[in-house]
Amino acid sequence: MKTTLDKNLDAKVRIARLLTLGSYGALLGLLSVWYLWLAPAPGDRPWVVWLWHLLPLLGFAPSVILGKPRAHAWLCFMLLLFFIEAVLAATHPATFGLGLSYAILVSVLFGAAMYYARWKSQLLRSTQQH
């Protein structure tokens, strides 16, 4: 029998999960559009810069898709580096809009993943106690 607390946690987990998946996909899309189409790196191989940004994020894809709380927490640590890059991009006049979008997406993903990890862990502990 689910308690009211468990029902509230379950609702919070679902919202955080949707926000995490949505912002994760949007961040992957933004980085792809940015580095492959809008402002590719100079030279013959802009895809190298694109892969440099995407591979660390894609490493978390299986765990994020499966909804593992610990992986969400580790993703938050990785996102701190991406946030620094986003803020630096937002301070440059040529990439202000992209950098601001990047910073907002990283912030939303960080918050959603952090809360998902916290609430999902609490929910798992709660169901194990019953």
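The values are calculated or read from the model by the stated rules, or taken from the named source; none is laboratory data. All figures in this text were calculated on a predicted structure; none of them were measured in a lab. Cβ atoms come from the backbone with ideal geometry, glycine included; neighbour counts cover every protein chain shown.
Okay, here's what the table says:
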read-out	value
Helices (runs of 4 or more DSSP H) within the stretch 24-130 that include 1 or more residues hydroxyl-bearing (Ser, Thr, Tyr)	61-66, 96-129
In the stretch 35-52, the residues that are without any contact (Cβ under 8 Å) to a residue 24 or more places away in the chain and among the hydrophobic types (A, V, I, L, M, F, W, C)	Leu36, Trp37, Ala41, Trp47, Val48, Val49, Trp50, Leu51, Trp52
Enumeration of residues in the stretch 10-34 that are touching a residue at least 40 places away in the same chain (Cβ under 8 Å), of a type outside the set (A, V, I, L, M, F, W, C) and more than 14 Å from Phe110 (Cβ to Cβ)	Asp10, Lys12, Arg17
Residue in the stretch 47-65 that is on the phi > 0 side of the Ramachandran plot and modelled with pLDDT under 95 present	no
Options Leu28, Leu21, Leu38, Leu9; residue that is out of contact with any His (no Cβ under 9 Å at 6 or more places or on another chain), of a type in the set (A, V, I, L, M, F, W, C) and surrounded by fewer than 14 Cβ atoms within 10 Å (Cβ to Cβ)	Leu38
Residue in the stretch 118-128 that is loosely packed, with under 13 Cβ neighbours inside 10 Å, hydroxyl-bearing (Ser, Thr, Tyr) and in contact (Cβ under 8 Å) with a residue 40 or more places away in the chain present	yes
Qualifying residue in the stretch 48-60 (condition: surrounded by 15 or more Cβ atoms within 10 Å (Cβ to Cβ), over 17 Å from Tyr102 (Cα atoms) and of a type in the set (A, V, I, L, M, F, W, C))	yes
Scan of the stretch 84-96 for residues that are within 19 Å of the chain's Cα centre (by Cα) and not acidic (Asp, Glu), ordered by number	Ile84, Ala86, Val87, Leu88, Ala89, Ala90
